[in-house]
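Laboratory data are not the source of any read-out in this text; all were calculated from the coordinates shown. Just so you know, these numbers come straight off a predicted model, no measurement behind them. As a convention, Cβ positions derive from the backbone with ideal geometry for all residues, glycine included, and neighbour counts pool all protein chains shown.
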Amino acid sequence: MENKEIKISTMGLNCPKPLIETRKALNKMQPGQILIVEGDHKVSLKEIPQAIKDLGDEVLSISEQPDKWIIKIKR
Amino acid sequence: MNEEKSMTIILHSGDLDKALAGFIVATGAAAKGIKTTIFFTFWGLNIIKKDGASKAKLSKMNMLGLGKMMIKKLMKKKNIAALEELIKDAKDLGVKLVACEMTMDLMNIPKEEIISEVSEIGGVGTYLDAASKSHINLFI
């Protein structure tokens, strides 16, 4: 269970929901678990990684595709 | 890490647009690990009354509710969270919601009329304790 990746989608959501949903998901996770967030809100692509660092979690990767982005985070 | 940062907001306004701004900043801050308190006073208390968030009007262009209807419709279309949803998110993210005791008394609002997301009823001292330790203090 601890190593299972958790995926959430914020597709279509507007500010500040992608950030809120990311944080709510992380708050329910154990340290070491991986969260994968996908979304298409452009500003959140910049803001989520910053917010992740602010709370001491780790951004593992960011991938940008034409119609969406995916951020991988380690709790 | 942001663990030592904190923010307070006095929500004095009961207007929908201003309350939305307050809750967007509060939930955003909480998501960034900033410890946040919202202190509701005067018309701001209307937002935390049961069904109060849904009754809030726009500060401008309300046009007897027509303006509000248009904004609500646009918000839905553009997937912008409603105030009611942000209040729940604020609670989930640990934002402390405090109702002002003196104005509740003044406006004859019993605590039974206040939504359960509000964790505390306090006075100016409660606010100042939080504000004096905070980096960001807003009055809306």
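Listed values, structure above:
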{"quantity": "R0 of 41 Å, Cβ-Cβ distance residue B:60-residue B:108: FRET efficiency to nearest 0.05", "calculated": "0.90"}
{"quantity": "Residue pairs, from the table B:32/B:96; B:18/B:50; B:49/B:78, whose Cα atoms sit over 21 Å apart", "calculated": "B:49/B:78"}
{"quantity": "Computed [θ] at 222 nm, helices only, for chain B once each DSSP H run of length n ≥ 4 contributes -39500 (n - 2.57)", "calculated": "-11500 deg cm²/dmol"}
{"quantity": "Percent antiparallel among DSSP beta bridges (both partners in the protein assembly as shown, rounded to 5)", "calculated": "40"}
{"quantity": "Cα principal axis extents for region B:54-106, largest first, Å", "calculated": "34, 30, 13"}
{"quantity": "Alpha-carbon centroid distance for the pair region B:80-103 / region B:1-71, whole angstrom", "calculated": "8"}
{"quantity": "Label-point separation, residue A:11 to residue B:5 (7 Å along Cα→Cβ), nm", "calculated": "3.2"}
{"quantity": "Cα gyration tensor, chain A - rounded (a/c under 1.5), prolate or oblate", "calculated": "prolate"}
{"quantity": "Histogram of C-alpha separations across chain B, 10 Å bin width, %", "calculated": "12, 44, 33, 11, 0"}
{"quantity": "Size descriptor, Kirkwood hydrodynamic radius, that averages inverse alpha-carbon separations across the protein assembly as shown, Å", "calculated": "18.2"}
{"quantity": "P(r) histogram, all alpha-carbon pairs of region B:1-73 included - 5 Å bins from 0, percent", "calculated": "4, 16, 23, 21, 16, 10, 6, 3, 1, 0"}
